[in-house]
Each structure stands twice: as structure tokens, then as C-alpha cells.
Amino acid sequence: MSIRIVLSVLLVFLVVYPPCSVGQQLAATPPMGWNSWNHFAEKVDDATVRVAADALVSSGMRDAGYIYVNIDDTWEGTRDAAGFIQANPKFPDMKALADYVHSKGLRLGIYSSPGPKTCAGFSGSYGHEEQDAQTYANWGIDYLKYDLCSFGTIMEKAGSKETAHQLMLDAYQKMSNALKKTGRPIVFSLCQYGIDQVWRWGPSVGGNLWRTTGDISDDYGRMTEIGFGQAGLSKYAGPGHWNDPDMLEIGNGKMKPDEYRTHMTLWALLAAPLLAGNDLGSMTPETVSILTNREVIAIDQDVKGVQGDRFWAEGPQEIWVRPLADGSKAIGMFNRADEWSGPAKIQINFRDLGFSSPVSVRDVWAGENLGIMKSYEARVLGHGVVLLRVK
């Protein structure tokens, strides 16, 4: 075997299984990748996942950090006589699919529920946690989204709110323990819609990320309701454990480019997982440019791991700030007013952010250095944003 082939194989291996995987903190930065649900829902199959994996590579998204290829609900089949879950005919060989995804320098994610059934009515993991975790590990799974779904019915029968809460914690802890028992590093995503202030207890049951809200949709109103609704939650996020305001809708076609930039900006300031939810095989150049903007991604993936928060708000205008590892700060200036209202003037004095002298200002989306300033005033279009990085 030639040296070139050996090095190529080694490179792929190191991407999928980094040298410090064993004992290394999982999700040290917010997970990035793709999830099948927002665009494909129940239509996801083996071919769809392979196309997504290929597109992550060819579009440059993998090299920008998007490495998880996550299969959502409807992959599940029946259990065999011993109780082990099988994939349904849409996924004829899950191990082979995982091998294919890994060969691209990517990682494969899967979906289940702590209840008897998933949201779509397929087999959940209730009573089969260790079997399912071992099956996932045997297949080569790297990420599990664990959706409350039918477990809610079990909670409703608990008799008291306190008992229901404890049942939920125990259910997530049980799967967390089962995943760890396999010995394979598997990111554990809690999907239970923010019930019982999950950000307060998510880390205690082994969660690497947890949904803080109900489902997102490809709608500016819903996206901003979720995104701006994260105010006050910054103290609960950090390396290995992230608030998750749900997947990205960028590229699904029902928002305008400025609205998608607002979406991407807000998620980056929130240190949110960046899980694309569009059809990766038919992206426009504009969609690719928004999803792969390296400077925006660098803000999201900042190693300090401090989530941004609301700094100022007046009517429909808001300023959000996120401190970064190099001492700089990312500043989002948002105009939530209707588009027909025209641009709004939003001003910030950098001394108010703790800078004692003028700062270097960069407009991230424009990719331009604006100079040395004491303050800055932006004219921001309705539903638009200006993202600055200042130092």
C-alpha cells in the first residue's frame, strides 16, 4: 500500500475518531452537522443519508465543521426474538451506512425515545435501553437524539408533578448510563422541549445538549420567538453541555436571505448546535454561503464556550453580545420590526461593553474591517442584522 493511501486512510480515521476520543469531553463545542427531519421527515432513507453525506463534503460544509449526519425518526423496524431493534427496509444495512458516512470523514447520528413509541409511532427504547445503546455502538453510531414523545403518557400517570419529573430524569439517566457502558463516545442529545427547565438538570443526566423549546419551523416569527426567547439562559451552557434552540431552517425556502442571516447570527451568538435541516443536495450558492461563513461559525464554535445574551433592547431593536476566547466580543444588532418599516438606527458605545479604549471593528457578514472606533451606529433593515466582532 502506498504512503499516500495510508495517509488518506489515517486522515479519515482521525476525523471520525480523534486521538483523544477516549476520555475527551464530548461536544466540547456545539455539535455541527445535518438532521433529516426538517426537510425530509418520514421520507428519509439510506439513499437520502448518503446524498447528504456526499453534499456535506462537496459543498465545503464538512470542512467548515459540519460533521454529524443525523437520521431522525422513522428508521426503526421491529425487534428480534431477543429484543434487539432492527432497522426497517428503508435502511437495509445500518452498519454499512455508518461505514460509508465515516469514510467521508463524517459521523452518523440516530434517533429514539425513552418511551415505548417514537413521535411517529415507531419502536422506542423503553425497557430496551442497554440493548439499543449496544446496537447503536455496534453499528458505529456517534450521536443519539432522544425524544420524550410517548414517555409523556407515562409521566401523566405518575400521580404527582414531582414523581413525573423524577421519572423523566431517570429515563434520560438510564440511556446515558447505557451509552457510556458501550465504551463508544456517543453525543447524547435530550429532546424534551424545555420541560421542567431542562437547562438546570440536563448535565446531571449526562446530556451534551438539550432542547430548550418546542419545534422550530421555516418561519421568521417562529424562528425569532425561539431564538430571542433564549435570553437569560447563558449561564447554563458551556463546553460539553449546550442549550439547543432546535435545528436550522436555512435553505428550506420560506424565509428571505436577510432572515436566514438573522437565524444564523442568532444561533452563533447563542453558542447553539448548528444542525442544518435543508436538502443539502439542492442548495443555492447563497444558502451555502450563509451556512459556511467561516467567521460566523468561528463565533459559534468559540472555545471559551460562553453563550451570548441580550445586552440591550428597545421596542423591536435588540443588541446581543457574546464574549470570545481571544478577548474580542461578537455583537449582533437586530431589527425585529416589519420589513416595510425601513431601516432602524441602532447604536452601541463600546465603553459600555467594558472596553476602556477605542476598538477595532469588523463587519462579519460584509467581511470588512470598519476601523478603530469608540462607538458604532448601524442602519439595520427590518428582519435584518448587523454582526460585528470588536477587539
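The values are calculated or read from the model by the stated rules, or taken from the named source; none is laboratory data. The structure presented is a predicted model; accordingly, all values stated were derived computationally and were not measured. All Cβ positions, glycine included, derive from the backbone under ideal geometry; neighbour counts span all protein chains shown.
One residue stands out among those in the range 159-185 that are modelled with pLDDT of 95 or more and among the small types (Gly, Ala, Ser): the one that is farthest from residue 71 (Cα to Cα), which is 160. The single condition among (1) part of a loop (DSSP other than H, G, I, E, B); (2) touching a strand residue (DSSP E or B) at 6+ places or on another chain (Cβ under 8 Å) that residue 242 does not meet is (1).
Look at residue 348 and say whether it is touching a residue at least 24 places away in the same chain (Cβ under 8 Å), of a type in the set (A, V, I, L, M) and either under 30 Å from residue 109 (Cα atoms) or not in a strand (DSSP E or B) (or both). Judged against the criteria, residue 348 is not a match. Taking first residues from the range 169-198 that are in the same structural domain as residue 227 (by TED's automatic domain parsing) and under 11 Å from residue 148 (Cα atoms) and partners that are assigned to a loop (DSSP other than H, G, I, E, B) and of a type in the set (Gly, Ala, Ser), the Cβ contacts under 7 Å between residues at least 6 apart in sequence or on separate chains come to 172/207; 190/207; 193/214. Could you check how many residues of the range 202-235 are in contact (Cβ under 8 Å) with a residue 40 or more places away in the chain and of a type in the set (Phe, Trp, Tyr)? Summing the residues that are in contact (Cβ under 8 Å) with a residue 40 or more places away in the chain and of a type in the set (Phe, Trp, Tyr) in the range 202-235 gives 2. All of (1) surrounded by fewer than 20 Cβ atoms within 10 Å (Cβ to Cβ); (2) touching a Phe, Trp or Tyr at 6+ places or on another chain (Cβ under 9 Å); (3) basic (Lys, Arg); (4) closer than 30 Å to residue 334 by Cα hold for residue 222 with one exception: (2).
Rundown of residues vs (1) of a type outside the set (S, T, N, Q); (2) at pLDDT 95 or above; (3) under 23 Å from the mean Cα position of the chain (by Cα), yes/no style:
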residue	(1), (2), (3)
243	no, yes, yes
260	yes, yes, yes
296	yes, yes, yes
301	no, yes, yes
327	yes, yes, no
335	no, yes, no
351	yes, yes, no
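Quick check: is even one residue across the range 155-173 touching a Lys or Arg at 6+ places or on another chain (Cβ under 8 Å) and either buried (at least 23 other Cβ atoms within 10 Å of the Cβ) or of a type in the set (A, V, I, L, M, F, W, C) (or both)? There is no residue in the range 155-173 that is touching a Lys or Arg at 6+ places or on another chain (Cβ under 8 Å) and either buried (at least 23 other Cβ atoms within 10 Å of the Cβ) or of a type in the set (A, V, I, L, M, F, W, C) (or both).
Per this entry, residue 275 is counted among residues that are in a strand (DSSP E or B) and closer than 21 Å to residue 211 by Cβ. If you check 96, 81, 87 for being in the same structural domain as residue 36 (by TED's automatic domain parsing) and touching a strand residue (DSSP E or B) at 6+ places or on another chain (Cβ under 6 Å), only one passes: 87.
Annotation note: of 80, 72, the sole residue that is surrounded by fewer than 21 Cβ atoms within 10 Å (Cβ to Cβ) and modelled with pLDDT of 95 or more is 80. Per the conditions (1) over 17 Å from residue 41 (Cα atoms); (2) in contact with a Cys (Cβ under 9 Å, 6 or more places away or on another chain); (3) not in a loop (DSSP other than H, G, I, E, B), the sole criterion not satisfied by residue 145 is (1). Quick one: count up the residues across the range 278-290 that are surrounded by fewer than 23 Cβ atoms within 10 Å (Cβ to Cβ) and part of a helix (DSSP H, G or I). So the answer is 8. Taking (1) touching a strand residue (DSSP E or B) at 6+ places or on another chain (Cβ under 7 Å); (2) in contact (Cβ under 8 Å) with a residue 40 or more places away in the chain; (3) farther than 27 Å from residue 64 by Cβ in turn, residue 378 satisfies each apart from (3). Filtering 95, 90 for residues that are over 23 Å from the mean Cα position of the chain (by Cα) and farther than 22 Å from residue 147 by Cα leaves a single hit, 95. Annotation note: of 378, 313, 337, 330, the sole residue that is surrounded by fewer than 17 Cβ atoms within 10 Å (Cβ to Cβ) and either small (Gly, Ala, Ser) or not in a loop (DSSP other than H, G, I, E, B) (or both) is 313. So residue 362 clears everything in (1) in the same structural domain as residue 234 (by TED's automatic domain parsing); (2) in contact with a Lys or Arg (Cβ under 6 Å, 6 or more places away or on another chain); (3) basic (Lys, Arg) except one condition, right? Which one? Of the numbered conditions (1) in the same structural domain as residue 234 (by TED's automatic domain parsing); (2) in contact with a Lys or Arg (Cβ under 6 Å, 6 or more places away or on another chain); (3) basic (Lys, Arg), the odd one out for residue 362 is (1).
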